[in-house]
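Structure first, commentary second.
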Amino acid sequence: MFTAAAESFLKQARLDGKFVELLQTVLCSSKCPEQIQVLCAAILRDMSPCNDLILSCDEIQDTKLLSLVSSVLLAQGNKKAEVSAVGQRIVKVLERRLPEGQSARYLLPVLSNVIRLSPESLTEEQTNVVSKKMTDWLRYASIQQGVAQSSGGFFSNPRSRQPGPVTEVDGTIATDFFTVLSVGQHYTQDQWLNVQAFSMLRNWLLCYGGKGLKTPSSDDKSGMNRSVMSVVSATSASGRLLPPKERLREKAFEYCQRVIEQSNRRPLKKDDGDLQKACLIEAVTIMDIICKQDDSYMYRAVSFLKILHGRICGDATYARALLPIAQFFLNHSKTAAVDSDAIYKHLLTDIPAQLFHNPSLAFEFVQFCKDNSQLFTEASSIFRQSFPNLFKFLAWNSPPLISEFVDFLPFLLDASTAIEIFHLLLDLPCLTAALDIQLRSAALPTSKRATSNPAVKPATCLEAFRHPLYKGMFQYLLRAESVSEDAPERLIPLRQLLRSLASSPRVVQCAETVPVLLELFFRVVAEFADGPLINQLVVLLLQRSDQLYDIPAFKDDVYRVLGSQLAMLCRLHPALVVELSTEILEFSGAVSNIQNKEVIFTHVVWAVGEYMSMSYDKRCTVEQINRFFETLEAVLFEITQLRPLASIPSYPPRAISVLMATLTKLAARSQELIPRVSLFLSKMRTFVQSPAITSVYREEDLEEILIRATELLNLLKMPSVAQFVFTPPVGVANTRFQREVNDSLPFALSIVTRLLEPAPGCMPG
């Protein structure tokens, strides 16, 4: 064995050409011990690609040596010529009868690599040769155990070691053909080939099983009912000579049926139980492939797998096996005209609720949902209804699963689920905390799970889990399916209760994924949302900004996303400013929102200035404009009035600038307001120069506020220009010209300022 230092040296150094030549000579020497040959092959593989390589597998007869040399050749990179040469040689050796002492078992791993690297390197004739061999290996392996190697001692007695029959995993003597689940103390060469053939069967069928496929006599029976054809084909297959590929499919199907039947036996050893489950998954997957390539097997498989599902669905240890079963029915239930909703419902309801904390299953499950999102949404409504359950996987395993959720979240969203998913995304960290409590509660001894006294307030989250006051809240948050009820405010006490878990690493990690999913959520919803749905989302956005799980960084990130997406929703449906004027006035009139939710506040105020206009909605009236003006004027007055030095709070300069701009826009549309806003803007110089103000604001921020106030004031001195800039005519509001005007507004403001306030020394023209 190499030491770590030696391995590191070999990886960094380039081997001398002479040394490479010696390694190849020793590798191919018939007199060299097998261990040395293996070591030489390992060195050459590790140093690949080697420019001085002269190895060839063309004349090698020994299967072990052919395997070693082929492994070195295949390690040189995906060189089609070398891969093809290895494949040709392997098939040629497999085709002939091997000499005594030689075994094909050393060649199958190499053949698997050839298929993986370059499946097209084998011809149709060669694939037929291998298909015949695989059929024999799968179906006709010996059912007697292998003979133990004799030690050759004086007392050794061959008769005492006569092989007995192989057994099943439960210890009973096997009465059917040998499979990967047959048990023996020792195995024969053909039994090893049986196991290897099963391990490579899936890839072999995927690469070669469907090429040139044509159902026998399909042309002259095109009018016959498909189900009748399938039954005829299934029952008559054994009575006729099939081509190699079709015969392999037939024997592979029988092999998979036998493996599935063997998985029903109770194993004597735990390792055999794990093997049963792994082989069951592989067998179902292979049956699915076979049915895709030849639907004559489908009806047998459907009834067989329904029975299998009924047998294992109640056993959580078989959860992984439910995935390929569901995959099979997703692929074939429509063709077979069978109702598979019960299978999907169990998979999407029970498994996530029980096993969300199993990380490997979570990844496989979410990957399965991602790969089948389109099929699921077409086949059944259960997929979308089960999204609260699916999000448990993300809540508990956030970082590894975020990319998968990004891929399949769009398939969960439609007009019926958008609102509930919006709430669930905002409550995702809270769901993580609730799942933590659920697991800890389940781990308690039965004696400690008694229902809490309703009259006594719970002291801990664990006590609250079963307390009548909180039980309904936990059940709602941990629900398995979508509900029509929409009452996020009912969770306010629960969010406060779970505040003690807000610093948990798992909760924090989950919270970090929410902004990404929120942005995706709004991008997808924008593709199908109509006006009423957008209005509903905006109202909820404003409401939920007060109802978030108390993680400061999480709240800041969510506010940032909600603010930017609010602007997007307003662009999609500008009329919402008029339609939701009551809600927007209430939100924008609260000074506290400037401090706590400045990003959302500034976007709301911007939307008012941008879209409260007849250019966007003819229902907009002067009275509404005046009402918004008075509300925002009061807010701006509140945050800019001079107070005693000790009591002056600091407000975000951006909010002050946006408020000034919005008031100016509203005044341009209701020109009786121009004197009021002009007076207010003219007082901003006094505001920014006050010692009390300069003590709490940065100098550059105050300078920016004064510049913006001066520009807006100068623009209002030309009311017609201000009206055109801020209130485009009907029909122009959404044109490219007006968008360019809006984009260049800061530049226009500065030009107006220069016109009205010439630089010192400049004479008017």
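Select from the range 504-541 the residues that are among the small types (Gly, Ala, Ser) and in contact (Cβ under 8 Å) with a residue 60 or more places away in the chain and write down the one among them that is nearest to residue 572 (Cα to Cα). Please lay out each step first, then the result.
From the range 504-541, those among the small types (Gly, Ala, Ser) are 504, 511, 526, 529, 531; that's our starting set.
Those left that are additionally in contact (Cβ under 8 Å) with a residue 60 or more places away in the chain: 504, 511, 529.
On the way: 504: 38, 511: 28, 529: 9 Å.
Per the criteria, the residue is 529.
Give the residue, chosen from 90, 115, that is under 23 Å from residue 180 (Cα atoms) and modelled with pLDDT of 90 or more.
From the options 90, 115, the qualifying one is 115.
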Taking the condition of being of a type outside the set (A, V, I, L, M) and crowded, with 23+ Cβ neighbours inside 10 Å, how many residues in the range 298-328 meet it? 1
Mind listing just one residue for me: the one in the range 671-721 that is open to solvent by 60 Å² or more (accessible area, probe 1.4 Å) and part of a loop (DSSP other than H, G, I, E, B) and, of those, farthest from residue 656 (Cα to Cα)? 717
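Does residue 518 satisfy the criteria of being under 20 Å from residue 430 (Cβ atoms) and open to solvent by 10 Å² or more (accessible area, probe 1.4 Å)? Even if it seems obvious, please write down each step before you answer.
Values: under 20 Å from residue 430 (Cβ atoms): yes; open to solvent by 10 Å² or more (accessible area, probe 1.4 Å): no.
For residue 518, the condition - under 20 Å from residue 430 (Cβ atoms) and open to solvent by 10 Å² or more (accessible area, probe 1.4 Å) - is not met.
Only one of 490, 466 is of a type in the set (Lys, Arg) and either assigned to a loop (DSSP other than H, G, I, E, B) or modelled with pLDDT of 90 or more (or both); which? First the steps, then the outcome.
Working: 490 fails: either assigned to a loop (DSSP other than H, G, I, E, B) or modelled with pLDDT of 90 or more (or both).
Just one listed residue meets the conditions, 466.
How many residues, within the range 329-338, are surrounded by fewer than 18 Cβ atoms within 10 Å (Cβ to Cβ) and either part of a helix (DSSP H, G or I) or not small (Gly, Ala, Ser) (or both)?
Step one: filter the range 329-338 for residues surrounded by fewer than 18 Cβ atoms within 10 Å (Cβ to Cβ), giving 334-335, 337-338.
From what is left, the residues that are either part of a helix (DSSP H, G or I) or not small (Gly, Ala, Ser) (or both) are 334-335, 338.
The total comes to 3.
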Would you point out the residue of the range 644-668, among those that are over 22 Å from residue 586 (Cα atoms) and touching a helix residue (DSSP H, G or I) at 6+ places or on another chain (Cβ under 7 Å), that is most open to solvent (accessible area, probe 1.4 Å)? 645
Picking from 554, 522, which residue would you name as being over 24 Å from residue 411 (Cβ atoms), among the aromatic types (Phe, Trp, Tyr) and not in a loop (DSSP other than H, G, I, E, B)? 554
Over the range 87-118, the set of residues under 13 Å from residue 204 (Cα atoms), touching a residue at least 60 places away in the same chain (Cβ under 8 Å) and buried (at least 17 other Cβ atoms within 10 Å of the Cβ) is 108, 111, 115
Give me the pairs, please: first residue somewhere in the range 406-422 and over 16 Å from residue 371 (Cα atoms), second residue anywhere and of a type in the set (Lys, Arg) and open to solvent by 40 Å² or more (accessible area, probe 1.4 Å), beta-carbon distance under 6 Å, and either six or more positions apart or on two chains. 417/384
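Does residue 639 satisfy being open to solvent by less than 40 Å² (accessible area, probe 1.4 Å) and touching a Gly at 6+ places or on another chain (Cβ under 7 Å)?
On the way: open to solvent by less than 40 Å² (accessible area, probe 1.4 Å): yes; touching a Gly at 6+ places or on another chain (Cβ under 7 Å): no.
Answer is no for this residue.
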With respect to residue 499, is the statement that it is modelled with pLDDT of 95 or more and open to solvent by 70 Å² or more (accessible area, probe 1.4 Å) true? no
If residue 629 satisfies every condition in (1) open to solvent by less than 10 Å² (accessible area, probe 1.4 Å); (2) under 19 Å from residue 723 (Cβ atoms); (3) touching a residue at least 60 places away in the same chain (Cβ under 8 Å) but one, which is the exception? (3)
Return yes when residue 443 is open to solvent by less than 30 Å² (accessible area, probe 1.4 Å) and at pLDDT below 95 and no when it is not. no
The lone exception for residue 358 - which of (1) farther than 30 Å from residue 508 by Cα; (2) without any contact (Cβ under 8 Å) to a residue 40 or more places away in the chain it fails: (1)
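Here is a yes/no grid of residues against (1) in contact with a helix residue (DSSP H, G or I) (Cβ under 7 Å, 6 or more places away or on another chain); (2) under 22 Å from residue 282 (Cα atoms); (3) at pLDDT below 90:
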site	(1), (2), (3)
148	yes, no, yes
154	no, no, yes
163	no, no, yes
178	yes, yes, no
Which residue pairs have Cβ atoms under 6 Å apart, sit 6 or more places apart or on different chains, and have a first residue in the range 458-487 that is in contact (Cβ under 8 Å) with a residue 60 or more places away in the chain and closer than 23 Å to residue 383 by Cα and a second that is open to solvent by 70 Å² or more (accessible area, probe 1.4 Å) and part of a helix (DSSP H, G or I)? 481/385; 482/385
Cβ-Cβ under 8 Å pairs, at least 6 apart or on other chains, the range 17-42 side touching a residue at least 40 places away in the same chain (Cβ under 8 Å) and under 17 Å from residue 70 (Cα atoms), far side in a helix (DSSP H, G or I) and β-branched (Val, Ile, Thr): 27/69; 27/72; 28/69
Taking the range 179-212 and keeping only residues that are open to solvent by 80 Å² or more (accessible area, probe 1.4 Å), outside any helix (DSSP H, G or I) and within 24 Å of residue 102 (Cα to Cα), one is left with 185
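The values are calculated or read from the model by the stated rules, or taken from the named source; none is laboratory data. Bear in mind the structure is a predicted one, so any value in this text is a computation, not a measurement. No Cβ is skipped: glycine too gets one built from the backbone with ideal geometry, and neighbour counts run over all protein chains shown. We work out accessible area using only protein heavy atoms, side chains counted, and drop any ligands, DNA or RNA first. Shrake-Rupley method; radii C 1.70, N 1.55, O 1.52, S 1.80 Å.
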